[in-house]
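The values are calculated or read from the model by the stated rules, or taken from the named source; none is laboratory data. Keep in mind that what you see is a predicted model, and the values were worked out from it rather than measured. Cβ placement follows ideal geometry from the backbone for every residue including glycine, while neighbour counts extend to all protein chains displayed. To get the accessible areas, we keep the full protein, side chains included, count just its heavy atoms, and leave off ligands, DNA and RNA. Shrake-Rupley method; radii C 1.70, N 1.55, O 1.52, S 1.80 Å.
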Amino acid sequence: QITGTTSICAGQSSIIGFTPTGTAPFNLNYLVGGSPANVTLDATGTIGGTPLSVTPSNTTTYTLVDVTDANSCTASVNGSITITINPLPTATISGSTSICDGQSTDLEFNFTGTGPYSINYDANNTNTSAVLNNNVDAIAVSPSSTATYTLIDVSDAYCSNTAMGIVIVTVHPLPSASISGGDVICADGSTAQIDIIANGSAPFNVIYSDGLNNIPLAINGNYWSDP
C-alpha cells in the first residue's frame, strides 16, 4: 500500500508512506511518473526510520511495481498516488496616485491562482487584510492624507505566497478663496478695488458673482486684483 499527501504547493514536499508485509528489509520497485525508482524499506515502511520525502516540480504519479523481502520472495504490488502541484498565487497592486481631499480611489489588484484571494497589505504602517473573489478586483480607499499602500502576501484556495507592490496615493487639500475690497463710488466712472486671494496650487479657476451674473476667472498666481 502507498499513501501520501496528494495536493501540495509548488516547492513543498510530500511524505510517501508504504505498508509492507513479510520479512524486512524490503526492496521496493516503483515508478515516478513512468520512470523506475527503487528504495529499501524497514519493517515500518521507512528508510532506516526516515519516511520517504519527495518534492516533485510538477504533478506526478507514483506507482508500485513489485517488492522483494529478506527471503528473496518477490511479489507484484498494486497501488498508486498522484501528487498534484498547485502553483503559488501572485498579486500585483496599482491605482490612482492623486486625489483631492474627500475623494476616494480604487486600489486595483491582479491575481493569478484560484480564488478567493486573501491579501495582507500595509496601509500607512497599519496591517490590513481583505478577501477578494476575482482575478481582477479592487478596494475603494479614502485616505485623509497622503498614504502608502504596500502588498505583503497573498493566499488563494490552495497556497500562500509573498507579494510585492506599492501604491502611493497623494491627497491634495481643497482650494479656498477669499474676496475683499469694494467701496461706495459715484456713477461717474469711478472704480473700487476688488482683491481675490486663492489658497492651493496655482493656476486657479474662480467663479464669482457681481450680483447679476456668475463670472469665471482664471488666476495664474495666488492673488488677483481689479482694477
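Reported count of residues in segment 111-150, each being within 27 Å of S7 (Cα to Cα), open to solvent by 70 Å² or more (accessible area, probe 1.4 Å) and not hydroxyl-bearing (S, T, Y), is 5. Taken over segment 46-56, the criterion of being open to solvent by less than 70 Å² (accessible area, probe 1.4 Å) and either more than 26 Å from G22 (Cβ to Cβ) or touching a residue at least 40 places away in the same chain (Cβ under 8 Å) (or both) is satisfied by S53, V54, P56.
Scanning segment 2-21 for residues that are open to solvent by less than 40 Å² (accessible area, probe 1.4 Å) and under 16 Å from G79 (Cα atoms), we see that the one that is nearest to the chain's Cα centre (by Cα) is G4.
Close contacts from segment 1-27, counting a first residue that is on the phi < 0 side of the Ramachandran plot and a second that is among the aromatic types (F, W, Y) and assigned to a loop (DSSP other than H, G, I, E, B), with Cβ to Cβ under 9 Å and a gap of 6+ residues or different chains, come to S7/Y158; I8/Y158; C9/Y158. Within segment 103-146, being of a type in the set (S, T, Y) and outside any strand (DSSP E or B) holds for S104, T114, T126, S142, S144, S145, T146. Would you confirm, using the coordinates I've provided, whether I197 is at pLDDT below 95, in a loop (DSSP other than H, G, I, E, B) and of a type in the set (A, V, I, L, M, F, W, C)? For I197, the condition - at pLDDT below 95, in a loop (DSSP other than H, G, I, E, B) and of a type in the set (A, V, I, L, M, F, W, C) - is not met. One residue stands out among those in segment 154-172 that are assigned to a loop (DSSP other than H, G, I, E, B) and within 11 Å of the chain's Cα centre (by Cα): the one that is nearest to S104 (Cα to Cα), which is G165. Would you say T59 is of a type in the set (V, I, T), without any contact (Cβ under 8 Å) to a residue 40 or more places away in the chain, surrounded by 13 or more Cβ atoms within 10 Å (Cβ to Cβ) and within 30 Å of G113 (Cβ to Cβ)? When the stated conditions are applied, T59 passes them. Scanning segment 151-210 for residues that are farther than 14 Å from A91 by Cα and in contact (Cβ under 8 Å) with a residue 60 or more places away in the chain, we see that the one that is most open to solvent (accessible area, probe 1.4 Å) is Y158. Can you name every residue in segment 166-198 that is more than 15 Å from D210 (Cβ to Cβ) and of a type in the set (A, V, I, L, M, F, W, C)? Listed by number, the residues that qualify are I166, V167, I168, V169, V171, L174, A177, V184, C186, A187, I197, A198. Within segment 62-87, being exposed (fewer than 13 other Cβ atoms within 10 Å of the Cβ), among the polar types (S, T, N, Q) and in contact (Cβ under 8 Å) with a residue 40 or more places away in the chain holds for N71, S80.
Examine segment 88-108 for a residue that is among the acidic types (D, E) and buried (at least 16 other Cβ atoms within 10 Å of the Cβ), and state whether such a residue exists. No, segment 88-108 contains no residue that is among the acidic types (D, E) and buried (at least 16 other Cβ atoms within 10 Å of the Cβ). Residues that are open to solvent by 40 Å² or more (accessible area, probe 1.4 Å) and assigned to a strand (DSSP E or B) within segment 22-45 comprise N27, N29, L31, V32, S35, P36, N38, T40, listed in sequence order.
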